[in-house]
Every structure is written in C-alpha cells, then in structure tokens.
Amino acid sequence: MYPEKKIRVLQTIRQGKIGGGESHVLDLVSTLDRSRFEPVVLAFTGGPMIQALEQMQVPAYVIESEKAFDISVWKQVKRFMQQQQIDLVHVHGTRANTNVLWAARSLALPLIYTIHGWSFHEGLHPVMKRMRIAAERFITRKAQVNICVSESNRQTGLAAFGRFQAEVVKNGVNLLKFDPDASYPDVKMACGIPAHHLVVGYIARMTLQKDPVTMVKAFAAAVQQQPDMTLLMVGGGELQQAARDAAQALGINANVVFQDFRQDVPAVLNAMDVYCLPSLWEGFPIGVLEAMAMGKAVIATDVDGTREAVAHERNGLLVPATDTQALTAAILRLAADKALRDRLRCQAIATVQTTYNVTGMTRKIETIYSKLLADGANKANAKS
C-alpha cells in the first residue's frame, strides 16, 4: 500500500504583519494534523509573520499587492497555485479573497473563506459601505464554505446579504505558547517601568478600529487619580503617532511607553496587570483571548464578537465603545481592587482553557476541509 497523499492546503492572507488574522494563521498551521495536511502560506506583503513561518519550517511566500481586486497579480497567483500543487484554498480576510478567488475558480480548487471581521464596518461613507457589502456578497457566494469567527459576524452577514451560509468556528489560543505559569523575560524592567507601578496594557495595530487615542485619553484621566500606573502600548499602525501626540498633549509621557510590533507577545502580556482593547468593532478578538489565557484582568468594549468572549463581571469588564469616562472608571476600579483582578484573571484562564483552545478550533477546521474534499470526490465519481 502506498501512503495516502497529503492534502496541500494554501493559507492566504493580505499581509505578513502580525495581527489577529495573522496570529490565527500561525496557530492554525502550527496545529494542523501534518500526517494529513501540508500547509503552504501566501501573503500579499512581507513582515514578521513570514519570518515566524520560516522558523516553523512552513513554506511561506509573498506576492506583493496592496490592493483588493488587483487583477495584475491574478495570473501570478494562479501560476503559484499550480507550481505548489495546491489541493484546497483557505483565504483569510476580504483582500486576500479578492486576489485569490479567480485563480482558485479557474483551477477548480475548493475555496474556504474565513471572515475575521467584515470590511463594511461602521464609520464608512455610505457609498463605500454599499460597495463593500456588494463585494462581500459576491465573494461569500463564490466560496464553497464560509467560516465566521463569531455568531455576531454570521448574523451581520445574514442581515446584509439576506442569503448567507456560514459555519461558526471561534478563534482559539495556543495554550503552550500563552502559558501563565511559564517563565518570561522581565519586559517591565526592560521598558523602564517602575517596579511598583500597575501596568495597563494595549497590544494592537493602532488603527481606527482599535481606537488608541481613546485609550490614551482614558488612561490620562485615570493616572491623575492613581499616579502609580504605566500604560504600555504595543503595536505600529497609522494612528500610533496620533496616540503619541495625545499622550504628549495630555502631559502623561512619563507614564506611557510606546513599542512597535513585538514577537514576544506572551512576555509582554506577562508584564501587564490589566489588558485593554477599546475597539469600535471586532470579529472575534484573538488579542483578548491571548490576554485571558495569560491570566490578565481584561477591559474591552461591548461590541459584536468581543461580547461573545468576555462576560461582564465574570471573566472581564465591558465598557461602551468610545466612552472615555467608562474606560477610565474601569481602569481605576481594577487598579484599586486586587481581589477583583484576581477573580477575573482566574475566570479568564478557565474560559480560554475550556472553550477557546486552538486545538479544538483546528480540529473543527480540519473537519470542514475533509468534508469539502470528500463531497468533491463524490461528485467527481458520480459524473464518471
């Protein structure tokens, strides 16, 4: 008997920088059953994710493109798929889908689309929002399987498109990597944060969605009442300078540390006492799950996917989006109440370990892969 051929699965995403979707891809390929599946990763920009994949000995490639529906790269993507002998395509996010869909269909390859958050979010110009809804309707209907990372995202798709089918597979955390009992380098000391300071942390790409300026404003109000605190803000992005300017304007530079993207997220989380994510919208926030896995007291905004992970007063605190005063109050409450921080951290760890383990997430996705391939084989046999 010859050994069964491994299924070559192309995981593709818009960029090689580290963010929620990119972390999802890294965790997925690291936990796939390698006796059955052989992952190949394609990104449309370079970045730290590519280096991380190379260290994991997962083949990773870049075809440069910064645009959605970039027709100029479609044939290149098709040639790449042929060269790599891809059996199954799994796209992550809208932009990657728009630049892979044509090639996958022209090669008759099954395509799975994971929606990590819809592109037609609040705050868009109405015309742009309608265009994005139309684009998402088109690409979701062309995929063989759609995966939503939260029930909220699935309901948003139903409301926007009327007809929309999707599986819900919530994000998971690699509990071997995010282990609160492991030993980590002292990031707090390395950043020059006083040992007696309570550390409020923010780890995210600093974009409109993640609302870093509200984070700075809320902390500025909190530190006036509780001076022995430092805000550690980690992540690049187009609003990093705006956040820096806000910290300077509010006179809190001495209490805020800015860092660019870092690969050692578990060590950074280990340095924090409170983790904040003041997003305006979320698919299903991996950053929150990682903080919970590391036993951090979490403050997050009460938005779509986030409220499915954070139960208010049970494993974290929820505040309204853009509500600076509510975020300030939550920070001060946790700063003053260690017993509450300890209770929330214990519940957070338990939540992730029982519900959001990356292994469970990967097994569900593997089941989708297997069913899709089996259905394709059955249809091919029926035709012959």
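The values are calculated or read from the model by the stated rules, or taken from the named source; none is laboratory data. Because the structure is a prediction, the values reported are computed rather than measured. Every residue, glycine as well, gets a Cβ built from its backbone with ideal geometry; the counts of neighbours run over all protein chains shown.
Keeping to the stretch 31-58, report how many residues are farther than 22 Å from Thr94 by Cβ, in contact with a helix residue (DSSP H, G or I) (Cβ under 8 Å, 6 or more places away or on another chain) and not aromatic (Phe, Trp, Tyr). Even if it seems obvious, please write down each step before you answer.
Filtering the stretch 31-58 down to residues farther than 22 Å from Thr94 by Cβ leaves 31-38, 51-52, 54-58.
Filter again for in contact with a helix residue (DSSP H, G or I) (Cβ under 8 Å, 6 or more places away or on another chain), leaving 31-33, 36-37, 52, 56, 58.
Applying the additional criterion that residues be not aromatic (Phe, Trp, Tyr) yields 31-33, 36, 52, 56, 58.
So the answer is 7.
Kindly check whether there is at least one residue in the stretch 13-29 that is of a type in the set (Asp, Glu), part of a helix (DSSP H, G or I) and within 19 Å of His116 (Cβ to Cβ).
Within the stretch 13-29, one or more residues are of a type in the set (Asp, Glu), part of a helix (DSSP H, G or I) and within 19 Å of His116 (Cβ to Cβ).
I need the full set of residues from the stretch 319-334 which are crowded, with 18+ Cβ neighbours inside 10 Å and either under 23 Å from Leu289 (Cβ atoms) or touching a Phe, Trp or Tyr at 6+ places or on another chain (Cβ under 9 Å) (or both), in order please.
Val319, Ala321, Ala326, Leu327, Thr328, Ala330, Ile331, Leu334
For the subset of the stretch 299-328 comprising residues that are hydroxyl-bearing (Ser, Thr, Tyr) and within 14 Å of Phe284 (Cβ to Cβ), which member is modelled with the highest pLDDT?
Thr301
What do you reckon, is Gly157 crowded, with 21+ Cβ neighbours inside 10 Å and closer than 29 Å to Val358 by Cβ?
The answer is yes for Gly157.
Are there any helices (runs of 4 or more DSSP H) wholly within the stretch 265-366 with 3 or more residues that are more than 27 Å from Met189 (Cα to Cα), and if so which?
Fully inside the stretch 265-366 and qualifying: 306-309, 324-336, 338-355.
Only residues that are free of Cβ contacts under 8 Å to residues at least 60 places away in the same chain and not in a helix (DSSP H, G or I): list them for the stretch 70-84, please. Steps first, please.
Narrowing the stretch 70-84 to residues free of Cβ contacts under 8 Å to residues at least 60 places away in the same chain: 70-80, 82-83.
Selection gives Asp70 alone.
What about Asp33, is it farther than 25 Å from Asp260 by Cβ, at pLDDT 90 or above and acidic (Asp, Glu)?
Yes; evaluated as a whole, the condition is true for this residue.
Here's a check for you: in the stretch 208-258, which residue that is of a type in the set (D, E, K, R) and not in a helix (DSSP H, G or I) is farthest from the chain's Cα centre (by Cα)?
Of the stretch 208-258, the ones of a type in the set (D, E, K, R) are 210-211, 217, 228, 238, 244-245.
Still in the list and also not in a helix (DSSP H, G or I): 210-211, 228, 238.
Details: Lys210: 12, Asp211: 16, Asp228: 31, Glu238: 18 Å.
Out of the qualifying residues, it is Asp228.
Residues being crowded, with 23+ Cβ neighbours inside 10 Å and modelled with pLDDT under 90: count how many of those fall in the stretch 36-59.
1
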